[in-house]
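Heads up: the structure comes next, in structure tokens.
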Amino acid sequence: MAAEIYSNNVSFTYEHGDKSALIDIMLSIPKGQCIVLCGTSGCGKTTYSRVVNGLIPQFFHGEFSGEQHTCGINTTADPIDKLTPLAGSVFQNPKTQYFNAKVIDELAFPAENMGLSPEEINHRIAEIARRFNIESLLDRSIFHLSGGQKQRIALAAATMLSPMLLVLDEPTSNLDSVAIAQMRELIAQLKASGITIVIAEHRLAWLNGIADRYIIFDNGHIAHEYEADEFLALSPGCIAAMGLRALDLQPYRQRIKALESLTDTQLASTSDTNSSGLASAQHDDAAAAHSVSSPLLSTHDLVIGYRGRDSFSRSIPDLDLCPGQIIGLMGHNGCGKTTLVRTLTGLIKPASGTVLLNGKPVKPRALTRAGFLVMQDVNYQLFSDSVREELLLGLDESDPAIIKRCDQVLEDLDLTRFAGRHPMSLSGGQKQRVAIGSALMCGKDLIILDEPTSGLDRYHMEQVGELLRQLAEQGKTVLVVTHDEELAAGWCTSIINLEHNGSTTNPNS
Amino acid sequence: MHSSSSTEPVASSSQTSLQPSVVATTPGAPICSAVVDGSASKQSNQRARASRTLDPRTKLFMLLVANLMLFFHVSVITQIIMVVLFLIPLAAAGRWKLTMNFALTYAVLTGLGLLDPEALGLPWIHVVSALAVGCTMMLPCFITGAYAFTTTSPSAFICAMRRMHAPESVVIPCVVVIRFFPTIAEDYRQIRNAMALRGIAAGGWELVRHPAQSLEYILIPLLMNATNVAQDLSVAALTKGLGREGTHTSRTEIRMRFVDWLMMIVVLIPLALDIAGVIR
Amino acid sequence: MTASNSPADNTNQNSGKPAKSGKLEVADLITIGVFAALYFVMVCVATLVSTLFTGGFGSIFLPAIAALISGCVYMLLAARLGKFGGITVMGVVIGLFLFISGHFVLSFIASIVFPVVADLIAKAGKYKSKALLLVSYVVFSYGLTGPILPLWFMKDAYIASLQARGKDAAYIDGVFANINTGTFFVSMAAILVCAIIGGWFGQKMMKKHFIKAGIV
């Protein structure tokens, strides 16, 4: 086979799936090309990436028809370990794709499985560590690394056996802009060394200039194929119509900067809420946001942090979180967003300073009662066996007023048809809504969401944005921790960037 | 056997962005043809030598000997000698605090065990000293156990298991346990945070009052998460060749060195002497 | 973060189950490892609780307490795997880690024998019969009796060493008033009762959550 990847009439339906995931895919990818698979959620791009690296049909069972040749191997006829030295894979979730506890063991892992000698393995590790600039990380435990570092390790491990092909399934969904830039660097290097690269992605902007071809999937078919220059020439409207995320993030970044400086001005003149320094076009937003009511939550000389092995502390400029606002919290991973959010919900005590609830300083416990955090992994927050039960958890179920409120919340969040289903059987976005529903039922006024749009396509990201707006209109204070520029620019009324504000003392940067 | 399926190397790969010594990583090149770079492997050998511990198999031997001590109800003197012998490698590995803790505990317990209630006129001390004796009998096992646990890297452990021809069906789950065990604590914390936010079973006392409910709230998310993690791990491991037939090697080389054999003989001596009745 | 991050793609959850080929595949072994880690955590919690409440002789009730809380883990594993060998391997792995952390070597033997029997019992019901799974769980829970064995089988050795230290026979009897055949039976009975309760709870949770959510 001349082509590195050759798919002939590939069709696949998952074992318990109700419809076909892939229908009659015909694709041929020559050596050395960088291909991007994109499309809306459920379009089949992840499924196709699994077909390429042999996981389908060897691990994910179902009905498979057609021919698939990857790097000369017929994936249906030969066992998947034939592909191991030829194709490396990187997956979406940094937390669950490493098999060993230490970095150096993870790098050695593929080589060990192939039966290489110890000298060979150590030699390769040293080389890869140099190339990927992870020498300082070698003896660390992967568990304690940041998401970006974890993905770098994953990429390094995938190249240990000098593969001819790299298959990446949404590698940047959980990464911030700094980590994405680093990943871009690495992919560019790898491409330059001649490796064929297949990336399934939602966030397309970082691949501008690296990708050679774009394959748009839609409901299991290949809807369009574009050469890079064609694709990049498409108008933003056209891209959006295909359900894809933006290719050019510049306008979003500018808007974010504007929102940030707005917030900065507000922070600088906290005593004067209608500061005349606001001359930008976003003045209306600010005025509207601030003229509503007094802040729900304020911080005063707050220093967040914790002691212990990875001690960390950061001073936060005084914040005012008002009802009806959607505040974006941005900054690269590791600058303290999660710590701040946990401090604001009373899960961690502040290192010093105070948090005021409705103008009065309170203990962390009161904050936990007033605020709610929708975690990045919602699975930790769902306890019951039906959506309705979940909403009624901890409440008096015999009270008809509460039942009525529950029905109302279900309707507002478009969950009525799932009322009897087990929360764990729902999709990620639906689970998010259930968590929010439970917060509403508890009467929480502050709702914080931690990276709610990781891995979401345009439509679902917009849905989340609408949900935030809905909550704000109900008078809740909404805080969104995000590195998704499109969400922040499109829906936040103000943005706090922890990197640019406050100072940090952190031994492990 | 694995190089046969790769096609010929890419003709001219522009490696300007890579180090010049990256000859072996040309895509498609047979993976066994790498030139061993002297400096790189020297560095890693140094790393291996830095942790001065015995071969895992020696540690296993020491564990078994500690167990034998229980079988043969050795005398106090033998026990003291053995405990000292067991503590030496622990100290040599740099675990001073642990060594001190064990030494202190053992000293205290032995002291209690040797107390003569009659002389002191406090009859109830018998119970205490009897208990202390019981603990001292178990302590050698714990010491060797702690030594094995805290000074063996996962890589050395797995390598030792494979060298001892443990079946893959035991080796793989062990690797996963080592990998997954530390993350459970973090999961537990997240779940407790989530529970606190929802106002269910917030405090410690609440947990105890409704044990079945608390167990449900904590265990179910934990198990759900575990099944997801298991799937992700499997996917990752398969693409990295875990299920491959044939030998799996290890980056650490474990060898029985002189000090290993020495240690094994040395710990046997007091035991043998005791059994033979020389030490009373 | 879970695999099913994309909202519309539910297939991640259900499609990853290994095929029912009688042999233990790599995916099965990884599942066993994950559940073994969880079971190990349960054992650690049980150790903590039992030492807290019964002092030095806490390990008498260790298997009982562990049996009480580990039902869910066991039942879910049995349901996920559905093939022979899983329970055995989990028992062996747990026993291995317990041995290495310093428990008595005979306990390792117990952690092989009992899990194998438990596995065979569960297999007889094709891993679906609830009654047989419960029995299987009870048998499996006895696999943790290993750490207690020193207390009984070493009793003679213990007494001998006490005598060697010059303790009086009367006082030795006083000490061992607690540890005699009676206690042995009480402890074993406790395991039986706790395992039945724990197993029943585990099966209830299976039905309420895991079956309903489609995990099994």
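The values are calculated or read from the model by the stated rules, or taken from the named source; none is laboratory data. Quick caveat: nothing in here was measured; it's all calculated off a predicted structure. Glycine gets a Cβ as well: all are built from the backbone with ideal geometry, and neighbour counts include every protein chain shown. Heads up: the accessible areas ignore ligands, DNA and RNA and are worked out on the full protein's heavy atoms, side chains in. Shrake-Rupley method; radii C 1.70, N 1.55, O 1.52, S 1.80 Å.
So the values come out like this:
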{"item": "Answer residue from region B:180-226, given it is more than 15 Å from A:Ser438 (Cβ to Cβ) and basic (Lys, Arg) and is farthest from the chain's Cα centre (by Cα) among those", "result": "B:Arg209"}
{"item": "Condition met for A:Lys95 (under 30 Å from B:Ala185 (Cβ atoms), among the basic types (Lys, Arg) and either part of a helix (DSSP H, G or I) or not assigned by TED's automatic domain parsing to the domain that holds A:Leu175 (or both))", "result": "no"}
{"item": "Candidate set: region B:248-277, residues that are touching a Lys or Arg at 6+ places or on another chain (Cβ under 8 Å) and of a type outside the set (A, V, I, L, M, F, W, C); chosen: the one farthest from the other protein chains (Cβ to nearest Cβ)", "result": "B:Asp260"}
{"item": "Residue identified as touching a residue at least 24 places away in the same chain (Cβ under 8 Å), in the same structural domain as A:His483 (by TED's automatic domain parsing), open to solvent by 10 Å² or more (accessible area, probe 1.4 Å) and over 22 Å from A:Thr453 (Cβ atoms) among A:Asp264, A:Asp212", "result": "A:Asp264"}
{"item": "Those helices (runs of 4 or more DSSP H) lying entirely in region C:144-216 with at least 2 residues at pLDDT 65 or above and open to solvent by 30 Å² or more (accessible area, probe 1.4 Å)", "result": "C:155-164, C:169-175, C:181-205"}
{"item": "Qualifying positions in region A:368-421 - touching a Cys at 6+ places or on another chain (Cβ under 8 Å) and either not in a loop (DSSP other than H, G, I, E, B) or not assigned by TED's automatic domain parsing to the domain that holds A:Ser298 (or both)", "result": "A:Phe372, A:Arg388, A:Leu391, A:Leu392"}
{"item": "Out of B:Arg198, B:Arg192, sole residue that is of a type in the set (Lys, Arg) and either without any contact (Cβ under 8 Å) to a residue 24 or more places away in the chain or over 27 Å from A:Pro94 (Cα atoms) (or both)", "result": "B:Arg198"}
{"item": "Hits in region C:96-149 (condition: under 12 Å from the mean Cα position of the chain (by Cα), among the β-branched types (Val, Ile, Thr) and within 17 Å of B:Asn67 (Cα to Cα))", "result": "C:Thr145"}
{"item": "One residue from A:Gly115, A:Gly42, A:Gly88, A:Gly66 being part of a strand (DSSP E or B) and surrounded by fewer than 23 Cβ atoms within 10 Å (Cβ to Cβ)", "result": "A:Gly66"}
{"item": "Filter result for the condition that a residue is more than 25 Å from A:Leu319 (Cα to Cα), modelled with pLDDT of 90 or more and surrounded by fewer than 20 Cβ atoms within 10 Å (Cβ to Cβ), over A:Gln432, A:Gln463, A:Gln474", "result": "A:Gln463"}
